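Everything below concerns the one structure shown next.
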Amino acid sequence: MMVRAVRVHALGGPEVLRVEEVELPPPGPGEARVRHRAIGVNFIDTYHRSGLYALPALPHGIGMEGAGIVEELGEGVTEVKVGDRVAYVAGPPGSYSEARNVTASRLVRIPPNVRDDLAAAVMLKGMTVEYLIHRTFPVAPGMTVLWHAIAGGVGLIASQWLSHLGVTVIGTTSSESKAALAIEHGCTHVIDYTREDVVARVRELTDGRGVPVVYDSVGKTTFDVSLDCLSRRGMLVGFGNASGAPAPFDPMVLAKKGSLFYTRASLFDYVVTRAELLESASKVFGVMGRGAVKVHVGQNFALDEARACHEALESRGTRGATVLTP
């Protein structure tokens, strides 16, 4: 069968995104065909498009996240059945499409009370927050943490979830309107990094101690600032490169600044098994079901508007989560 899909034939900027008719074969053994109702958009998609993260080959689809209906099963599939509403975060990239075949063991059933667009918007972002705050650096009530890009899709989920857990959140952003959005979603203190000294402000808010953990998806432009905001034996958790990859550094810097820790984390190392995947997704849908986390979809683009979508994402012109509709 033929489906419309966004693919790249060469690496580069948003202009390399092309909508094409492609042949989708029947699902193979262990696969299920998912007819997308909503597609999640994430910064990792721009990394695949630009070449920062390698694609398996060219031309190739992009996109890691989607939600829809199971239409057909390959041989041996037991995890889902035809007609199930499902969501996923899975490679290789290719979710920017009307339908695709997905390894069935990576599919998660969507609870009845969760809309398709919210499921598509929350899988990668929500499970990212889950592993960061519960497993990479487990937070505890009473802690204060620093989270960069607090008004983005991941940041708004994190702010609500951390606030629900009794954690004080200091967030950074670039405008008054984004700061207001972050405050509405549970952030305690917002620092406008275009006007304020982030390190000085964090030290002021923590009586000079700094924070035990910084969660940083920005990368190059925030790396040094993040280290300087940490308390002794604090941890910098890098999980993205929105401004580019941090420059190489001398590990002795970590000792000189207080025996600090640094990790570059990835969701896919925290949902290796199906049991880990289901537990993480369950926690995400659980906090949504309790009303502790409300997913904010700030932008919804048509599949044909993938280029404009990426332009908005990379210009920091988006708020909250972004979704494509096939």
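Based on this model, can you work out whether Asp116 counts as charged (D, E, K, R), touching a strand residue (DSSP E or B) at 6+ places or on another chain (Cβ under 6 Å) and within 23 Å of Val154 (Cα to Cα)?
Working: charged (D, E, K, R): yes; touching a strand residue (DSSP E or B) at 6+ places or on another chain (Cβ under 6 Å): yes; within 23 Å of Val154 (Cα to Cα): yes.
Answer is yes for this residue.
Taking the conditions exactly as written (out of contact with any His (no Cβ under 8 Å at 6 or more places or on another chain) and surrounded by 14 or more Cβ atoms within 10 Å (Cβ to Cβ)), does Leu205 satisfy them or not? Can you show your working first?
Working: out of contact with any His (no Cβ under 8 Å at 6 or more places or on another chain): no; surrounded by 14 or more Cβ atoms within 10 Å (Cβ to Cβ): yes.
In short, no.
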Select from the range 42-60 the residues that are in contact with a strand residue (DSSP E or B) (Cβ under 8 Å, 6 or more places away or on another chain) and within 18 Å of Ala87 (Cα to Cα) and list them in ascending order. Asn42
Is there any pair with a first residue in the range 265-281 that is part of a loop (DSSP other than H, G, I, E, B) and a second that is among the aromatic types (Phe, Trp, Tyr) whose Cβ atoms are under 8 Å apart and which are 6 or more apart or on different chains, and what are they? Ala265/Tyr131; Ala265/Phe239; Ser266/Phe239; Tyr270/Tyr131; Val271/Tyr131
Could you check how many residues of the range 245-262 are within 26 Å of Ile44 (Cα to Cα) and surrounded by 12 or more Cβ atoms within 10 Å (Cβ to Cβ)? 5
Wholly inside the range 144-205, strands (runs of 3 or more DSSP E) that include 1 or more residues that are among the aromatic types (Phe, Trp, Tyr), at pLDDT 95 or above and in contact with a strand residue (DSSP E or B) (Cβ under 8 Å, 6 or more places away or on another chain) are 144-147
Kindly provide the set of residues from the range 262-318 that are β-branched (Val, Ile, Thr) and closer than 17 Å to Ser217 by Cα, ordered by number. Thr263, Thr318
Note: among Gly258, Gly219, just one is at pLDDT 95 or above, over 30 Å from Glu20 (Cα atoms) and in a loop (DSSP other than H, G, I, E, B), namely Gly258
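Among the residues in the range 33-48, are any free of Cβ contacts under 8 Å to residues at least 40 places away in the same chain, assigned to a strand (DSSP E or B) and either over 27 Å from Glu311 (Cβ atoms) or among the aliphatic types (A, V, I, L, M) (or both)?
No; the residues of the range 33-48 include none that is free of Cβ contacts under 8 Å to residues at least 40 places away in the same chain, assigned to a strand (DSSP E or B) and either over 27 Å from Glu311 (Cβ atoms) or among the aliphatic types (A, V, I, L, M) (or both).
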Answer yes or no: is there a residue in the range 65-88 that is closer than 19 Å to Glu314 by Cα and at pLDDT 95 or above. yes
Among the residues of the range 121-159, what is the count of those that are buried (at least 24 other Cβ atoms within 10 Å of the Cβ) and on the phi > 0 side of the Ramachandran plot? 1
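The values are calculated or read from the model by the stated rules, or taken from the named source; none is laboratory data. In this text the structure is predicted, and so the values were computed from the model without any measurement. Note that each Cβ is placed from the backbone with ideal geometry, even for glycine, and that neighbours are counted across all protein chains shown.
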